[in-house]
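Bear in mind these aren't lab numbers, they're just calculated from the coordinates by the rules spelled out. This structure is a prediction, so every number in the text was calculated from the model and none was measured. Positions of Cβ are backbone-derived with ideal geometry, glycine not excepted, and every protein chain shown enters the neighbour counts.
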Amino acid sequence: MIVATLVRSFRRSAIWVFVLCMPLLVSCGKSTTASIEAVCSTLSSPCLQGKAIVQMSTNRGRITLEVDGEASPVTAGNFVDLVKRGVYNGTVFHRVVKEPEPFVVQGGDPASSDPKNLKKNYGEGGFIDPASGQARFIPLEVKLNTEDQPRYSQLINDPSDLLQLQLSHQRGSLAMARSQAPDSASAQFYIALRALPQLDGRYAVFGRVIDGLDVVDEIQQGDRIVRATLVMARQSPSAEAPPP
């Protein structure tokens, strides 16, 4: 089970109350784009409408990621915001599982970029917003093809729903790591080294590797992200630009 053992206790922002209420407020007859706009309009945290391309330069080579805000606007917006802030620069891939069979490459703990932090503590950190001094957590976000908006803060277990996931765990999928609490994702992410259907509906997939999967295969525990850069952000029709 993928866990990023973040801060043991956290406060859920009242903003997610509005997110959870949105399915009751938005007509099912509206388009997906309109529904995502409605979700994003309630948020003070970053939200991505459309898609973005992120390049990660590692000590093994370059990885290009497509981040999907059309399916995961909150998760994708959080990731892009952290890339733009430089949070991932110098961080370590602290968990790489390839045996007995390929599983995941996990990294993005902001604490791992500080040489003063002990390696044994890598994987315990999250993003602390410098403006507020508070840890930022985002809710579990999963979208079905049959629904206009993502579902928040709930595990998807129904087999028929799992067949309708807009983004599932395929080889090269990009997803958020978290602790056992569904709404505890912060900064840490992982890349699936093979299809992992056992994780579908339980962790938020929000993108995929579109170039450099061979580099991902070469990553070893302790390797680093030298720099992560936002290359392009592509808005959905009628969507406003994602917040800086």
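At a glance:
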| read-out | value |
| --- | --- |
| Residues whose placed amide H lies under 5 Å from that of PHE206, excluding near-sequence neighbours | LEU174, ALA175, MET176 |
| Distance-filtered residues of the stretch 91-116 - backbone nitrogen under 15 Å, label point 7 angstrom along ARG194 Cα→Cβ | 97-105 |
| Residues CYS47, CYS40, sorted so that the one with the fewest Cβ neighbours within 10 Å comes first | CYS40, CYS47 |
| Table column - 3J(HN,Hα) (Hz), the stretch 182-189, Karplus curve with 6.51, -1.76, 1.60, x for Gly and Pro | x, 9, 10, 5, 9, 10, 6, 9 |
| Nitroxide proxy distance, nm - points 7 Å out along Cα→Cβ at ARG62 and GLN134 | 3.9 |
| Derived scalar couplings ³J(HN,Hα) [the stretch 199-212; Karplus, 6.51 cos²θ - 1.76 cosθ + 1.60; whole Hz; x for Gly, Pro] | 9, 4, x, 10, 10, 8, 7, 9, x, 7, 7, 10, 7, x |
| Relative frequency of Cα-Cα separations exceeding 24 Å in the stretch 15-234, percent | 39 |
| Amide H partners (placed H, <5 Å) of THR58, local residues excluded | ILE63, VAL226 |
| Distant-in-sequence amide H partners of LEU167 (H built 1.01 Å from N, under 5 Å) | LYS143 |
| Taking SER160, SER184, SER72, SER113 and counting other C-beta atoms within 10 Å, the order from fewest to most | SER160, SER113, SER184, SER72 |
